[in-house]
Amino acid sequence: IEMDAASRTGVADVREIIDNIDYKTVYARFKVYIIDEVHMLSNSAFNALLKTLEEPPAHVKFIFATTEILKIPTTIISRCQRFDLERINNHLIINHLSDVCIKEKISFSESALRMISDVSEGSIRDALSILDQAIIYSDGKLEANHIIEMLGLLNQNRSLELFEIIIEQKNSEILTELEEEIKDGIDPFSIVNGLMDINWKLMVSKIKKEKFIIYDLSDDNLDLLQNLSKKMSIGILSRCWQILLKIHEEMKYAPDILSTLQMGLLRLSFFSNSPDHTEFLNFLENSKNLVKE
């Protein structure tokens, strides 16, 4: 018996379960109640369930499903056995989508499946939903540009190129590239998200070095990422991340998103090559020594 807690959140809905819980099923060993999006239940509904969860009848099993575990009261969690489902590796999702396309005789490119996998964030269900839409959108011939157009995404190659001209402080080119991306229908938040993704990959690649493996980048883009990584210190990458987060936050409340994005990326360009605090302290120390001499 399945109940959607997103649409049935009150005590009356829970009471319906409690009133019928003692009746055994005729044709099975157990009566299983699946409550989806359980975090949507009201506090009163959770309280009504407490006694039943503490001493459930032997023939009854409850399964609570949620993506917001922090919203579940501790009193409920303490009465349950918890299973955390991990995100699925991008490589496995790509292989699964590839198998589906081959069986359905759909023409596809590896880069298109890579994009779908990246957007799905470890969920096979979301990946299959996007694949289904993409097949219709592309008329059965899946290419990376179809995914970009359909979802309003930013190609990672463009994100890498934009990040590179930002750290090289080519301000005129930054504004030109930004105008081109907006003209191509790319959402401003996707632009910032793309830069944050590159920033994250650069930081992790510097720390993990040769152990760093990423499946959603082509070989050319991976080489470009590694070359960029050599040019930037961990301190600068950390500062860039903070500035990108600030830009993302400012865009949510700005009266003009585009001008806010332009100003934010120019600010990022200005600070991207300034010395970090260690370099600055060393500079001050050297200056003091020169003065003494």
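The values are calculated or read from the model by the stated rules, or taken from the named source; none is laboratory data. Owing to the predicted nature of the structure, the values given are computational and were not obtained by experimental measurement. Backbone-built Cβ (ideal geometry, glycine too); neighbour counts: all protein chains shown. Each accessible area value is taken on the protein alone, full model and side chains, heavy atoms only, with ligands, DNA and RNA left out. Shrake-Rupley method; radii C 1.70, N 1.55, O 1.52, S 1.80 Å.
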Once Rg/Rh (Cα atoms, Kirkwood Rh) is worked out from the coordinates, which option in [x] 1.11; [y] 1.04; [z] 1.23 does it equal?
[x]
The percentage of the accessible area of the chain (probe 1.4 Å, all protein chains present) made up of carbon and sulfur atoms, to the nearest whole number, is 53
Mind giving me the nanometre distance, one decimal, between the label points for residue 70 and residue 25, set 7 Å out from Cα along Cα→Cβ?
3.6
Using 0.36 nm times the number of residues separating residue 169 and residue 88, minus their current alpha carbon distance, what extension gain do you get?
25.4 nm
Computed over the Cα atoms, what is the radius of gyration of the range 52-160 divided by 2.2 N^0.38 Å, N being its residue count?
1.48
So, in nm, how far is label residue 250 from label residue 1 when the simple model puts each one 7 Å beyond its Cα toward the Cβ?
5.5
Top of 89, 43, 145 by mean-square fluctuation, Gaussian network on the chain, Cα under 10 Å:
43
List, in the order given, every pair from 141/208; 105/201; 208/246; 31/71; 31/51 whose Cα-Cα distance in the structure shown is over 28 Å.
141/208; 105/201
Using alpha-carbon coordinates, inclination of helix 188-208 to the longest axis of the chain, degrees:
80
Computed FRET value (nearest 0.05) for residue 257 with residue 44, which takes r as the C-beta separation and R₀ as 45 Å
0.65
Of all GluC sites (Glu not before Pro) in the range 5-83, which ones are in loop regions per DSSP and have a Cβ with at most 15 other Cβ atoms within 10 Å?
68
I'd like the FRET efficiency for residue 180 and residue 103, computed as 1/(1 + (r/R0)^6) with the beta carbon distance as r and R0 of 25 Å, rounded to 0.05.
0.05
C-alpha center-to-center spacing [the range 164-186, the range 1-61] in angstrom
54
Computed helical MRE - 222 nm, the chain, DSSP H runs ≥ 4 contributing -39500 (n - 2.57), nearest 500:
-20000 deg cm²/dmol
